[in-house]
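We did not get these values from a lab; they are worked out from the coordinates using the rules stated. Note that the structure is predicted; figures quoted are calculated from it, not measured. Note that we place each Cβ from the backbone using ideal geometry, even for glycine, and neighbour counts take in every protein chain shown.
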Amino acid sequence: MNLLETRKLTKYFGDTHAVDNVDFKVGEGEVVALIGANGAGKTSLVNVISGFFPPDSGQILFRGVDVTNLRVDERIKAGIARSFQIVNLFDQLTLLDNVALSIFSREDATKTLWLVADRFGPVWQEAVDILRQFGLERTRAIVAGGISQGERKLLDVAVAYALRPQLLFLDEPTSGVSTRDKAQIMDIVTSVVRSRKITAVIIEHDMDIVFKYSDRIVAMQDGKILADGTPDEIRRNKAVTNTLIGAVDA
Amino acid sequence: MRIVNLAHGNLYAIGAFVTASLVGNWLAGTRTLILYFLLPAGAFVAAAIGAVLEPTLLRPFYRRAEEYQLLVTFGLLMILEDAVRFIWGPYPLSASTLFSELGSFSIGDAIYPTYNLLVIATGGLAAVFLWAFVYRTRFGLLLRATAQDMRRASALGVNVNRVYVQAFTIGCFMAGLGGAIVVPGQSAVLGMGVEALVLAFIVVVIGGLGSLEGALVGALIVGIFREIGITVFPEIELAMLYLIAAFVLLVRPAGLFGRPA
Amino acid sequence: MSTVAIPLTQGLSIKTVAWAVLIAAALALLPFAVGEYQTILLAYGLIFAIAALGLNLLLGYTGLLSFGHAAFFGTGAYVVALMVKYFHVQSMELFLLGTVGASLVVAFLFGFVSVRYTKIFFSILNLALSQVLWSLAYKFYWVTGGSDGLRVPTPTLLGGAIGVTDDKIHFLSHAYYYYVLVLFLACVLVMWVIVHSPFGKALQAIRDNETRARFVGIRIRQYRLVAYLVSGVFTGIAGALWVPLNGLTTPDILYWPFSGEIVFMCVLGGFQYFTGPIVGAVVFNYLKSWVVGATTYWQALLGIILVVLVLALPTGIVGTAKRIIDKARRAASA
């Protein structure tokens, strides 16, 4: 059984088919790259699957269970998490706080208002460990609004990762950073993801990164899946290279 | 324009006081016909004040969180309340001769003051003018564009500052006009601004933010319900209006005609 | 209001505890140092500080500016007055119990409706809802005394153990002052724990980035509603403590400009800091008393102060003081 499967998933925005009858499958343990020109529907697909907005029709199955109508927090409990293309962080809270929040939420401890947060030692220890995995340990006491863009991109992923998801969607984790930082981010992200056997779907524009780090590539265009295969297969796929060479410039 | 001005009611009050003191006191002996033409005097004063306020007190906050506007205009409200008291004293001012001059006429069994027709006409004219101004003129187009995206409009060469101060001035003119036109029927009293403000917000909430038709419809609804309330349930007349506003916010948060931001 | 770049969370250090103990001790010794009038004046300040603490849970920590908290203050005051009028209750503890219950009900009704909204909508909606209460208090004069209000005699404290004898002023400036002080310290402690709890962090997350909070698994409305309930109860308690001191409650404390005053207190002290609302309320109380005595146009003066604050000192007294102290420290160590 696939970890994630969508059936005829559709989402309109007015007349535009952002997601058009998409059957998207992800197998357990895979690292899948989701590519396509701007407006192809990649982020919309992730938005629908993660629960940002509901689909107009279609189904989302997670381990065979229909999660189409679950709330965001229910999907997270089920094991789906995501990061954001435009970094979404708690800017006035420290890096530690940002990651700890995910852990508190995961453990259902955010409802506790009668105990000071500092008492939850294991939570803070885990937060430090996660920050260390992402190379952010040094700046852990700085507020998220005060670190570099590359660090912010990593933190965005770390916050999602701290939810201990089984399926992690990463929306352009390397956009807006220098080439050297891109490689560093991807190295960290993929090593973390693979060591925990987390299934990852990564939206990416940089084709070098896509070919280097993914097990499988899914190409989208106009809300539909254009092609689906291994990096070698995609490289040889004329339809993909024709439509994407011009639009995707890394 | 996405400006929240808690002192808007005070501009309405200033319009009322200026007109009342001009028409009711200073020139009380003049020919009544001339006085009618002087009614909008309050509106012009309110507009002038607005022209000064926008660049000094509101402009610094466009880049900041909207709530700061609430805070600064609340301070402004306190200042203007006392300014009115300072200038015109604590007692009500009236211009009732203009009201009684026109007499009344009968609709069936009921007697209706003729002056109110003037108010309705003015309101209607103002509504039409404002609508035409915002939707049918080039300035209105610039205003709408700037309100939607100030940075982009400025990048396109629009003098954002000038657009905003002009538009805000017009808004204040309308507030002052409201007060001015109403004052012959009811005296200008301290606190009328604060009361009017909440009513105005209820109108906007019901009608919908950013919609002129909505403001008109909202005002009519508020006006009608208010009268019904006063006649049938005088105790809860006020409460009912606020409840209607809350209800509309619940059911249709963008208001009846509003576009959800 | 997430545009202010100053973090809110501060841990508990020995220094903080030491300062807190010192200030509590100073407050406890106050009636022996100053006259009765000054003590009662400070009691008012501490009461408003409780109200401001309540408001700031929403404003500073959750990012919601309520312009309707007069509703809770007034609920507290009127519940006490009505308990006196209809049930001849005298016990302060019963008053507080009734207030907490009533505040919870009002907060639930208002909160349920308003937490779906943010920013200006939220502020104006709360304003409108609090006006409902104001208009009811104003119009139903046979119940509430209308604009004349209701008188409230001095209550008995600690289950009737302490009551006023002959000297009402002495009672208010001693026994009642200590009662208020203890409750104030308790409220500060409770609020401190709440904002430093995981729940408090979740509120700040919601304030900073609602989308991300949602995608970290926090159900925004629920958390906002709980914050709203706590906030309302705090301000309600303040209202209940206020009315015996004032002796009278009128619809004025339900009128929305009074909500604005509570907001003013938080802004004056610095809503980005835990101690901001406390400092702001106490200072505002002194400021207003002084200003009311100084000129009839005190409202304009306060308005000018507010405008200057918002324009030039958005971090309030506490924030500005911190900045000055930090600068001095850096200059000293350089």
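Using a ≥ b ≥ c from the Cα gyration tensor of the protein assembly as shown (square roots of the eigenvalues), is it rounded, prolate or oblate, where a/c under 1.5 gives rounded and otherwise the larger of a/b and b/c decides, a/b for prolate? Because a/c hits 1.5 or more and a/b fails to exceed b/c, the protein assembly as shown counts as oblate. At full extension, B:SER154 and B:ILE34 could sit 38.8 nm farther apart than now, given 0.36 nm per residue minus the alpha carbon distance. Of the residues C:ALA137, C:PHE199, C:LEU189, the one whose Cα sits farthest toward the positive end of the charge dipole of segment C:106-203, with +1 on the Cβ of Lys and Arg and -1 on the Cβ of Asp and Glu, is C:PHE199. Phi angles of segment A:211-223 translate, via the Karplus equation with coefficients 6.51, -1.76, 1.60 and θ = phi - 60°, into HN-Hα couplings of 6, 6, 9, 9, 7, 8, 10, 10, 9, 10, 8, 6, x Hz per residue; Gly and Pro are given as x. Dipole magnitude for segment B:135-261: computed about the Cα centre from +1 point charges on Lys and Arg Cβ and -1 point charges on Asp and Glu Cβ, it is near 800 debye.
What separates the Cα centres of segment B:96-166 and segment C:134-182 is a distance of 50 Å. Other residues within the sphere of radius under 10 Å centred on the Cβ of A:LEU163, judged by their own Cβ, net out at +4 (K and R +1, D and E -1).
Cα centroids of segment C:32-55 and segment B:33-90: 35 Å apart. Note on chain C: with a GNM built from Cα contacts shorter than 10 Å, the maximum mean-square fluctuation among C:ASP148, C:ASP167, C:ASP208 falls on C:ASP167.
Taking a point 7 Å out from the Cα of A:ASP15 in the direction of its Cβ, none of the residues of segment A:33-68 has a backbone N less than 17 Å from it.
Rounded to the nearest 20 debye, the dipole magnitude of the protein assembly as shown is 1320 debye, with +1 charges on Lys and Arg beta carbons, -1 on Asp and Glu beta carbons, and the Cα centre as origin. Neighbour counts of other Cβ atoms within 10 Å put C:MET83, A:MET220, A:MET1 in the fewest-to-most order A:MET1, C:MET83, A:MET220. Just checking the output field for C:189-197: average partner chain Cβ neighbours within 10 Å of each residue's Cβ? For this peptide, the per-residue mean of nearby foreign Cβ atoms is 4.
Membrane-span-like helices in chain A (whole DSSP H runs, Cα extent of at least 15 Å along the helix axis, mean Kyte-Doolittle hydropathy of at least -0.5): A:95-106, A:121-133, A:149-161, A:179-195. By the rule of a C-alpha distance below 25 Å, with chain neighbours fewer than 8 residues away ignored, the lysines paired with C:LYS139 are C:LYS85.
Residues whose amide H falls under 5 Å from that of C:THR156, counting only those 5 or more places apart or on a different chain, are C:SER91, C:MET92, with hydrogens built in the peptide plane. Entry note, chain A: the mean residue ellipticity at 222 nm calculated from DSSP H runs of n ≥ 4, each adding -39500 (n - 2.57), is -11000 deg cm²/dmol after division by the residues and rounding to the nearest 500. Among the helices of chain C, those built from whole DSSP H runs whose Cα atoms reach 27 Å or more along their own axis and whose mean Kyte-Doolittle hydropathy is at least 0.5 are C:14-33, C:36-56, C:92-114, C:119-139, C:175-196, C:220-246. For chain C, adding -39500 (n - 2.57) for each run of n ≥ 4 DSSP H residues and dividing by the number of residues yields -24500 deg cm²/dmol at 222 nm.
Among beta bridges from DSSP that stay inside the protein assembly as shown, the antiparallel ones total about 60%. Amide H contacts for A:LEU170 (H built 1.01 Å from N in the peptide plane; partners 5 or more residues away or on another chain; cut-off under 5 Å): A:SER83, A:VAL201, A:ILE202, A:ILE203. Would you mind classifying segment C:80-225 by shape? Square roots of the alpha carbon gyration tensor eigenvalues, ordered a ≥ b ≥ c; an a/c under 1.5 is rounded, otherwise it is prolate if a/b is larger than b/c and oblate if not. Oblate, since a/c reaches 1.5 and b/c is not below a/b. Couplings for segment A:9-26, taken from phi via the Karplus curve 6.51 cos²θ - 1.76 cosθ + 1.60 with θ = phi - 60°, read 6, 9, 9, 9, 10, x, 8, 7, 8, 5, 10, 10, 6, 8, 10, 10, 10, 9 Hz in order; Gly and Pro are left as x. Within the listed set B:ILE14, B:ILE228, B:ILE206, the Gaussian network model of chain B (springs between alpha-carbon atoms below 10 Å) gives the highest mean-square fluctuation for B:ILE228.
Compactness ratio for segment A:90-164: Cα radius of gyration over 2.2 N^0.38 Å (N = residue count) comes to 1.02. Calculated from the alpha-carbon coordinates, chain A shows an Rg and a Dmax of 18.1, 61 Å respectively.
Cα centroid separation, segment A:1-66 to segment A:213-237: 15 Å. Taking every DSSP bridge with both residues inside chain A, close to 55 percent are antiparallel. Mean per-residue shielding of peptide C:305-315 is 5, counting Cβ atoms of other chains within 10 Å of each Cβ. Within 15 Å, Cβ to Cβ, of A:ASN88, how many net charges do the neighbouring residues add up to if Lys/Arg are +1 and Asp/Glu are -1? Once positives and negatives cancel, what remains is -2.
Separation of the alpha carbons by more than 31 angstrom is noted, of C:LYS201/C:LYS288; A:LYS111/A:LYS212; A:LYS224/C:LYS201; A:LYS111/A:LYS224; A:LYS8/A:LYS77; A:LYS182/C:LYS119, for C:LYS201/C:LYS288; A:LYS111/A:LYS212; A:LYS224/C:LYS201; A:LYS111/A:LYS224; A:LYS182/C:LYS119.
Here's the picture: charge each Lys and Arg Cβ at +1 and each Asp and Glu Cβ at -1 in segment B:8-190, and of B:PHE74, B:GLY171, B:ASN159 the one pushed furthest to the positive end of that dipole is B:ASN159.
Counting Cβ atoms of other protein chains within 10 Å of each Cβ in B:58-70 and taking the mean gives 5.
Under the convention that each Lys and Arg Cβ holds +1 and each Asp and Glu Cβ holds -1, the size of the dipole of segment C:14-333 around its Cα centre is about 1240 debye. Put simply, the amide H of A:SER57, placed in the peptide plane, has neighbours under 5 Å in A:THR10, leaving out anything fewer than 5 places away on its chain. Taking a straight line from the alpha carbon of C:LYS15, these lysines sit under 19 Å away, with near neighbours fewer than eight places off in the same chain left out: C:LYS322. Taking the charge dipole of chain B about its Cα centre, with +1 at Lys and Arg Cβ atoms and -1 at Asp and Glu Cβ atoms, the residue from B:MET150, B:LEU58, B:VAL248 reaching farthest to the positive side is B:MET150. Test of understanding: in a Gaussian network model of chain A with alpha carbons linked when under 10 Å, which of A:ALA100, A:ALA127, A:ALA141 would top the mean-square fluctuation ranking? Most flexible of the set in this elastic network: A:ALA141.
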